[in-house]
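Notes for the one structure printed next.
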Amino acid sequence: MLNKISTWLFFNLAVFITLLISGAMTALHTNEFYNVKIRRQYSGYPFGGEGPAPYYYKTAALYATTQLIWGFVFLLVFLVTARAAFKKQKRNGLLLLAITIFLVLLQLIQGQIST
């Protein structure tokens, strides 16, 4: 009985954390894309190689494209996680949490690549 409860709690916690992180990252990246590409708000961004900045700050278009790609990646993780939660696929819930953490770390590493 206790084992079933702890397994259920662990799965739901993993799914909740994955949905929270991937949902927040989706919102963050799509908002950045919207602000730079659609609304053309460039103030506060070091485009053009001003100072130490990651490579994707070279142009506004490159930055917006990078943000859109990351937004879609995290949206995909969010949707697959929601599907796994709906179908109660316990193994997939934990795997998706690991994938989300890996993607966040990959994004941090990408941010260290400069021009």
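Yes/no matrix, rows are residues, columns are (1) under 15 Å from the mean Cα position of the chain (by Cα); (2) not hydrophobic (A, V, I, L, M, F, W, C):
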{"site": "5", "(1), (2)": "no, no"}
{"site": "9", "(1), (2)": "no, no"}
{"site": "19", "(1), (2)": "yes, no"}
{"site": "23", "(1), (2)": "yes, yes"}
{"site": "28", "(1), (2)": "yes, no"}
{"site": "34", "(1), (2)": "no, yes"}
{"site": "37", "(1), (2)": "no, yes"}
{"site": "41", "(1), (2)": "no, yes"}
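Suppose we keep only residues that are touching a residue at least 40 places away in the same chain (Cβ under 8 Å) and part of a helix (DSSP H, G or I) within the range 29-55. Which one would you say is farthest from residue 104 (Cα to Cα)? Step by step, filter the range 29-55, then rank; the result is 55. Within the range 1-28, being exposed (fewer than 12 other Cβ atoms within 10 Å of the Cβ) and in a helix (DSSP H, G or I) holds for 2, 3, 4, 5, 6, 7, 9. When 79, 62 are checked against the criterion of being within 30 Å of residue 95 (Cβ to Cβ) and of a type in the set (A, V, I, L, M), 79 stands alone in meeting it.
Take the conditions (1) more than 12 Å from the chain's Cα centre (by Cα); (2) surrounded by 20 or more Cβ atoms within 10 Å (Cβ to Cβ); residue 114 misses just one of them, which is (2). Taking the listed residues 96, 105, the one that is surrounded by 17 or more Cβ atoms within 10 Å (Cβ to Cβ) and out of contact with any Lys or Arg (no Cβ under 7 Å at 6 or more places or on another chain) is 96, with no other qualifying.
The lone criterion from (1) closer than 14 Å to residue 19 by Cβ; (2) at pLDDT below 90 left unmet by residue 91 is number (1). Residue by residue through the range 22-64, note down the ones that are of a type in the set (Val, Ile, Thr) and touching a Phe, Trp or Tyr at 6+ places or on another chain (Cβ under 8 Å). Scanning the range 22-64 gives 26, 36, 59. Here is the figure for the range 77-115: residues that are charged (D, E, K, R) and either assigned to a helix (DSSP H, G or I) or in contact with a Leu (Cβ under 8 Å, 6 or more places away or on another chain) (or both) total 3.
The values are calculated or read from the model by the stated rules, or taken from the named source; none is laboratory data. Please read all numbers here as calculations on a predicted model, not as lab measurements. Cβ sites come from the backbone with ideal geometry, for glycine too, and all protein chains shown count toward neighbours.
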